[in-house]
1. Every residue in the range 70-125 that is among the polar types (S, T, N, Q) and more than 21 Å from Asn41 (Cβ to Cβ), please.
2. Name the residue that is surrounded by the fewest Cβ atoms within 10 Å (Cβ to Cβ), counting only residues in the range 11-48 that are β-branched (Val, Ile, Thr), in contact with a helix residue (DSSP H, G or I) (Cβ under 9 Å, 6 or more places away or on another chain) and assigned to a loop (DSSP other than H, G, I, E, B).
3. Could you list, in sequence order, the residues of the range 24-44 that are under 14 Å from Pro13 (Cα atoms), modelled with pLDDT of 95 or more and charged (D, E, K, R)?
4. Could you identify the single residue in Val96, Val115 that is under 11 Å from the mean Cα position of the chain (by Cα) and either modelled with pLDDT under 95 or among the aromatic types (Phe, Trp, Tyr) (or both)?
5. Return the total of residues in the range 49-85 being out of contact with any Lys or Arg (no Cβ under 7 Å at 6 or more places or on another chain) and either closer than 17 Å to Asn113 by Cα or in a helix (DSSP H, G or I) (or both).
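The values are calculated or read from the model by the stated rules, or taken from the named source; none is laboratory data. Bear in mind that the values here come from a model prediction, so they are computed numbers and not experimental data. Cβ atoms come from the backbone with ideal geometry, glycine included; neighbour counts cover every protein chain shown.
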Amino acid sequence: MKTLKGNKISVVPPSIGNLNQLTKLILGDNQISELPDEFCNLVKLDYLTLTFNNIRYLPKDFGRLNKLKYLYMSYISLNEIPHSIGNLSNLLEITVKNGTFSEIPKEFYKLKNLVTMDFRVVVII
């Protein structure tokens, strides 16, 4: 597990994609505004926390993280959920609080193993 919580990180370098054996990553409580496309190379990741950041968009290939079981994205300014979310076939739990979306992609409903979905104060415009 790698925790970088509360380190005032503003940029996640593309080289993070080289950590291809990483299974747990906590990036909460930073100043991150975007994730590089190479983030999607973390294919063994099963636990991810992005809470309390300024992330507006996830990489379009976010669904490549198909080992992901736990995904926490509260208070991150997220405007859009990528359609590839439907590829997260092992996802058990997702939390999104204080988000504003134009839509929840229909692919979201492919998440057959999902046990907990916590969407609080989410506005669909």
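1. Listed by number, the residues that qualify are Ser74, Ser77, Asn79, Thr95, Asn98, Thr100, Ser102, Asn113, Thr116.
2. Val43
3. The answer is Asp37, Glu38.
4. Only one candidate passes the filter, namely Val96.
5. Looking only at that region, the number is 12.
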